[in-house]
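Right, one structure below, let's go through it.
The values are calculated or read from the model by the stated rules, or taken from the named source; none is laboratory data. Note that this is a predicted model, so its numbers are computed, not measured. Note that each Cβ is placed from the backbone with ideal geometry, even for glycine, and that neighbours are counted across all protein chains shown.
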Ligand SMILES: NC(=O)c1ccc[n+]([C@@H]2O[C@H](COP(=O)([O-])OP(=O)(O)OC[C@H]3O[C@@H](n4cnc5c(N)ncnc54)[C@H](OP(=O)(O)O)[C@@H]3O)[C@@H](O)[C@H]2O)c1
């Protein structure tokens, strides 16, 4: 081989090494992003706190950011890791607007957390049924998460982890139901389970995994009618949800877990 060719080959090899090294460095520098709905209080605020503490970027969404003082303080202390965005999951225009704003930005974990019970006293069959409340419960707990998944699917696909994690509830387990109460809330979580199970099947071949996780009874505003001693601290519930989401993969996608990692019956 003449000397010129040999020198060119050496240069080419060096160039290849440099390209591989720079790609590896870029992969190592990757900071994952999580989008949390209902991030202003309760479990959503705790997820935001814990993901930010791990160094993740957090798109923390709230219906009324102006009133989200705890979230604002968290964002102010986060060195830019937490961005607060306005989002009402029942409002398709609000979802589409946010998705357009984050077009082409990877979202490693879409955390569908926002949810409402509709109030136990409003869903007493043949006694007091506030039917418009049922519609709101379904729009918030069922339609909102699926619309979120559709709007942010390109972002999830563009990410490294490609996960959609949903805060479900053991109250949505038909097999586990023995008492007749919460006629709005329980069907809404059962429907969330079914639609996300469908999504898990459809998206598995694209490398997207989907989780349904029951956080157990947690000490948040939603459960303020129960004595605190019956409730789990929100910090524990947050770390359980994150641990299970970390363990989520295309192998176990579409599973309905409870907070300790055991599988719940549909
Ligand atoms: N706490 C429990 O024991 C328990 C048990 C099982 C499952 N879960 C589930 O865990 C999730 C979080 O509940 P939580 O205990 O943290 O309740 P929470 O303290 O009452 O918080 C609910 C969150 O959802 C938000 N939200 C409600 N409607 C919304 C909408 N249309 N658009 C956007 N955000 C909306 C609320 O925002 P605003 O402040 O604007 O109302 C709030 O941030 C829910 O899906 C719930 O069903 C909770």
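Remarks
- Residue 152 vs. criteria under 15 Å from the mean Cα position of the chain (by Cα), within 16 Å of the ligand (Cβ to nearest atom) and either surrounded by 17 or more Cβ atoms within 10 Å (Cβ to Cβ) or touching a residue at least 12 places away in the same chain (Cβ under 8 Å) (or both): yes
- Between 178, 253, the distinction of being more than 12 Å from the ligand (Cβ to nearest atom), free of Cβ contacts under 8 Å to residues at least 12 places away in the same chain and assigned to a loop (DSSP other than H, G, I, E, B) belongs to 178 only.
- Among all positions in segment 71-83, there is no residue which is near the ligand (Cβ under 7 Å from one of its atoms), more than 15 Å from residue 242 (Cβ to Cβ) and not in a helix (DSSP H, G or I).
- Residue list for segment 215-243, restricted to those being in contact (Cβ under 8 Å) with a residue 40 or more places away in the chain, more than 10 Å from the ligand (Cβ to nearest atom) and assigned to a helix (DSSP H, G or I): 235, 239, 242
- Filtering segment 94-136 to residues that are farther than 22 Å from residue 48 by Cβ, touching a strand residue (DSSP E or B) at 6+ places or on another chain (Cβ under 8 Å) and part of a helix (DSSP H, G or I) leaves 121, 122, 133, 134.
- Residues being over 15 Å from residue 106 (Cβ atoms) and either out of contact with any helix residue (DSSP H, G or I) (no Cβ under 9 Å at 6 or more places or on another chain) or more than 16 Å from the ligand (Cβ to nearest atom) (or both) - total across segment 27-43: 1
- Residue among 161, 171 that is within 12 Å of the ligand (Cβ to nearest atom), surrounded by fewer than 22 Cβ atoms within 10 Å (Cβ to Cβ) and in the same structural domain as residue 97 (by TED's automatic domain parsing): 171
- Only listed residue being closer than 19 Å to residue 241 by Cβ, in contact (Cβ under 8 Å) with a residue 12 or more places away in the chain, crowded, with 17+ Cβ neighbours inside 10 Å and more than 13 Å from the ligand (Cβ to nearest atom), chosen from 89, 109: 109
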